[in-house]
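Chemist: Questions regarding the structure given below will be posed in turn.
The values are calculated or read from the model by the stated rules, or taken from the named source; none is laboratory data. Note that the structure is a prediction, hence the values are computed from the model and not measured. So basically every Cβ, Gly included, is an ideal-geometry build from the backbone, and we count neighbours across all protein chains shown. SASA here: full protein model, heavy atoms, side chains in, ligands and nucleic acids out. Shrake-Rupley method; radii C 1.70, N 1.55, O 1.52, S 1.80 Å.
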Amino acid sequence: MAHFLSPLLQSPECAHVLRNQRTGQALATALETAFDSNTRRRGLLGRDAMPAGSGLVIAPCSSVHTFFMRFAIDIIFAARDGRVIKVRRRVAPWRIAAALGAFAVIELPSGSLDESAIAVGDSLQIVAA
(Lines give C-alpha, C1' and ligand atoms only; values in the text may rest on other atoms or scores of the structure.)
Protein backbone atom coordinates (compact mmCIF):
# COMPACT_ATOMS: atom_id res chain seq x y z
CA MET A 1 0.00 0.00 0.00
CA ALA A 2 1.43 3.35 -1.02
CA HIS A 3 1.56 6.08 1.59
CA PHE A 4 0.99 9.79 1.31
CA LEU A 5 4.76 10.44 1.17
CA SER A 6 5.14 8.53 -2.12
CA PRO A 7 5.47 11.71 -4.26
CA LEU A 8 8.52 12.73 -2.19
CA LEU A 9 10.12 9.34 -2.74
CA GLN A 10 9.29 9.10 -6.46
CA SER A 11 10.73 12.50 -7.38
CA PRO A 12 12.95 13.77 -4.54
CA GLU A 13 14.63 16.36 -6.78
CA CYS A 14 11.30 18.08 -7.48
CA ALA A 15 9.80 20.79 -5.26
CA HIS A 16 6.65 19.71 -3.41
CA VAL A 17 3.76 21.34 -1.60
CA LEU A 18 1.93 19.96 1.44
CA ARG A 19 -1.84 20.54 1.23
CA ASN A 20 -4.86 19.94 3.41
CA GLN A 21 -7.17 17.99 1.07
CA ARG A 22 -10.33 19.18 2.82
CA THR A 23 -9.61 22.89 2.39
CA GLY A 24 -7.10 22.84 -0.47
CA GLN A 25 -4.89 25.13 1.61
CA ALA A 26 -1.11 24.84 1.30
CA LEU A 27 0.48 24.17 4.68
CA ALA A 28 4.07 24.22 3.39
CA THR A 29 5.46 25.17 -0.01
CA ALA A 30 9.07 24.10 0.57
CA LEU A 31 9.48 20.61 2.02
CA GLU A 32 12.63 18.99 3.35
CA THR A 33 12.77 15.30 4.19
CA ALA A 34 14.29 13.29 7.00
CA PHE A 35 13.85 9.68 5.94
CA ASP A 36 17.13 8.12 7.11
CA SER A 37 18.43 7.76 10.66
CA ASN A 38 21.01 10.56 10.36
CA THR A 39 18.61 13.21 9.07
CA ARG A 40 15.85 12.10 11.47
CA ARG A 41 18.26 12.36 14.41
CA ARG A 42 19.50 15.81 13.32
CA GLY A 43 16.07 17.24 12.48
CA LEU A 44 16.10 21.01 13.00
CA LEU A 45 19.00 21.06 15.47
CA GLY A 46 21.57 23.78 14.84
CA ARG A 47 19.15 26.12 13.10
CA ASP A 48 18.05 29.51 14.39
CA ALA A 49 14.62 29.45 12.72
CA MET A 50 12.50 27.92 9.99
CA PRO A 51 11.64 30.07 6.99
CA ALA A 52 7.94 30.84 6.45
CA GLY A 53 6.32 28.26 4.17
CA SER A 54 8.87 25.57 4.96
CA GLY A 55 8.30 22.15 6.48
CA LEU A 56 10.37 19.18 7.57
CA VAL A 57 8.81 15.74 6.96
CA ILE A 58 10.19 13.07 9.30
CA ALA A 59 9.30 9.42 8.62
CA PRO A 60 8.93 6.90 9.95
CA CYS A 61 8.29 8.80 13.17
CA SER A 62 5.68 8.97 15.93
CA SER A 63 7.42 11.26 18.43
CA VAL A 64 9.76 14.24 18.41
CA HIS A 65 11.58 16.36 20.94
CA THR A 66 12.69 19.97 20.89
CA PHE A 67 15.68 19.52 23.20
CA PHE A 68 18.53 21.92 22.32
CA MET A 69 16.36 23.77 19.78
CA ARG A 70 16.41 27.56 19.65
CA PHE A 71 12.80 28.17 18.57
CA ALA A 72 9.26 26.83 18.86
CA ILE A 73 7.57 24.80 16.10
CA ASP A 74 4.13 23.61 15.02
CA ILE A 75 3.78 19.85 14.61
CA ILE A 76 1.40 17.63 12.63
CA PHE A 77 1.32 13.88 13.30
CA ALA A 78 -0.01 11.88 10.35
CA ALA A 79 -0.98 8.27 9.69
CA ARG A 80 0.39 6.31 6.73
CA ASP A 81 -2.57 7.38 4.56
CA GLY A 82 -2.02 11.08 5.37
CA ARG A 83 -4.84 11.37 7.90
CA VAL A 84 -4.04 13.92 10.63
CA ILE A 85 -3.86 12.17 14.00
CA LYS A 86 -2.73 15.03 16.22
CA VAL A 87 -1.77 18.70 15.93
CA ARG A 88 0.46 20.61 18.36
CA ARG A 89 0.89 24.36 18.04
CA ARG A 90 3.83 26.44 19.25
CA VAL A 91 5.82 23.62 20.86
CA ALA A 92 8.58 25.36 22.81
CA PRO A 93 12.17 24.13 23.16
CA TRP A 94 12.80 21.35 25.70
CA ARG A 95 9.49 19.55 25.08
CA ILE A 96 8.42 16.11 23.84
CA ALA A 97 5.41 15.44 21.60
CA ALA A 98 4.09 12.06 20.47
CA ALA A 99 1.07 10.46 18.84
CA LEU A 100 0.25 6.79 19.01
CA GLY A 101 -0.18 5.38 15.50
CA ALA A 102 1.62 8.20 13.70
CA PHE A 103 3.68 7.27 10.66
CA ALA A 104 5.12 10.72 9.94
CA VAL A 105 5.68 14.05 11.62
CA ILE A 106 5.64 17.38 9.80
CA GLU A 107 7.42 20.21 11.59
CA LEU A 108 6.45 23.74 10.56
CA PRO A 109 7.42 27.26 11.68
CA SER A 110 5.66 28.26 14.89
CA GLY A 111 2.37 29.99 14.13
CA SER A 112 1.93 28.34 10.71
CA LEU A 113 -1.06 26.35 11.87
CA ASP A 114 -2.78 29.40 13.37
CA GLU A 115 -3.48 30.51 9.80
CA SER A 116 -4.91 27.15 8.73
CA ALA A 117 -8.10 25.27 9.48
CA ILE A 118 -6.24 21.97 9.97
CA ALA A 119 -8.07 19.52 12.20
CA VAL A 120 -7.69 15.96 13.42
CA GLY A 121 -9.18 13.72 10.74
CA ASP A 122 -8.16 15.93 7.79
CA SER A 123 -6.11 14.29 5.02
CA LEU A 124 -2.73 15.60 3.91
CA GLN A 125 -1.61 15.50 0.30
CA ILE A 126 1.84 16.09 -1.17
CA VAL A 127 1.92 17.36 -4.75
CA ALA A 128 4.65 18.55 -7.09
CA ALA A 129 4.97 22.34 -7.06
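Chemist: Rounded to the nearest 0.05, what FRET efficiency is calculated for Ser6 and Ser54 with R0 set to 25 Å and r the Cβ-Cβ distance?
Modeler: Computed FRET efficiency for Ser6 and Ser54: 0.75.
Chemist: Along each principal axis of its Cα atoms, how long is the stretch 33-77 end to end? Whole angstroms, biggest number first, please.
Modeler: Principal-axis extents of the stretch 33-77 (Cα, largest first): 23, 21, 15 Å.
Chemist: Just to confirm, what accessible area per residue do you get for the chain at 1.4 Å probe, in whole Å²?
Modeler: Here the per-residue accessible area is 50 Å².
Chemist: Something else now. As I understand it, the dipole of the stretch 1-71 uses +1 on the Cβ of Lys and Arg and -1 on the Cβ of Asp and Glu, about the Cα centre. Which of Val64, Leu8, Leu27 lies farthest toward its positive end?
Modeler: Projecting each Cα onto the dipole axis, the largest value belongs to Val64.
Chemist: Could you tell me what percent of the accessible area of the stretch 17-75 is made up of carbon and sulfur, with a 1.4 Å probe and every protein chain present?
Modeler: 50 percent
Chemist: Once you have the Cα-Cα distance between Arg41 and Ala72, take 0.36 nm times their residue separation minus that, and quote the gain in nm to one decimal.
Modeler: 9.4 nm
Chemist: Say a site is exposed when it is one of the chymotrypsin sites (Phe, Trp or Tyr not before Pro), sits in a DSSP loop, and has at most 12 other Cβ atoms within 10 Å; what is then the longest site-free stretch of the chain?
Modeler: Answer - 1-66.
Chemist: Then there's this: Could you point to the label whose value was computed as log10 I(q)/I(0) by the Debye sum over Cα atoms at q = 0.10, 0.19, 0.21 Å⁻¹ for the structure here, given (i) -0.26, -1.05, -1.33; (ii) -0.35, -1.35, -1.59; (iii) -0.30, -1.05, -1.23?
Modeler: (i)
Chemist: Using the charge dipole of the stretch 50-120 (Lys, Arg: +1 at Cβ; Asp, Glu: -1 at Cβ; taken about the Cα centre), state which of Val120, Gly53, Ile96 has its Cα farthest towards the positive end.
Modeler: Ile96
Chemist: For a quick check of your reading of the filter: which trypsin sites (Lys or Arg not before Pro) in the stretch 49-129 sit in a DSSP loop and have no more than 12 other Cβ atoms within 10 Å?
Modeler: Hits after loop and neighbour filter: Arg70.
Chemist: I would also like to ask the following. Might you report the magnitude of the Cβ-based charge dipole of the chain about its Cα centre, with Lys and Arg at +1 and Asp and Glu at -1, to the nearest 20 debye? If you can, show how the numbers build up before the last one.
Modeler: Values: 14 positive and 10 negative charges, 76 e Å.
Dipole of the chain, to the nearest 20 debye: 360 debye.
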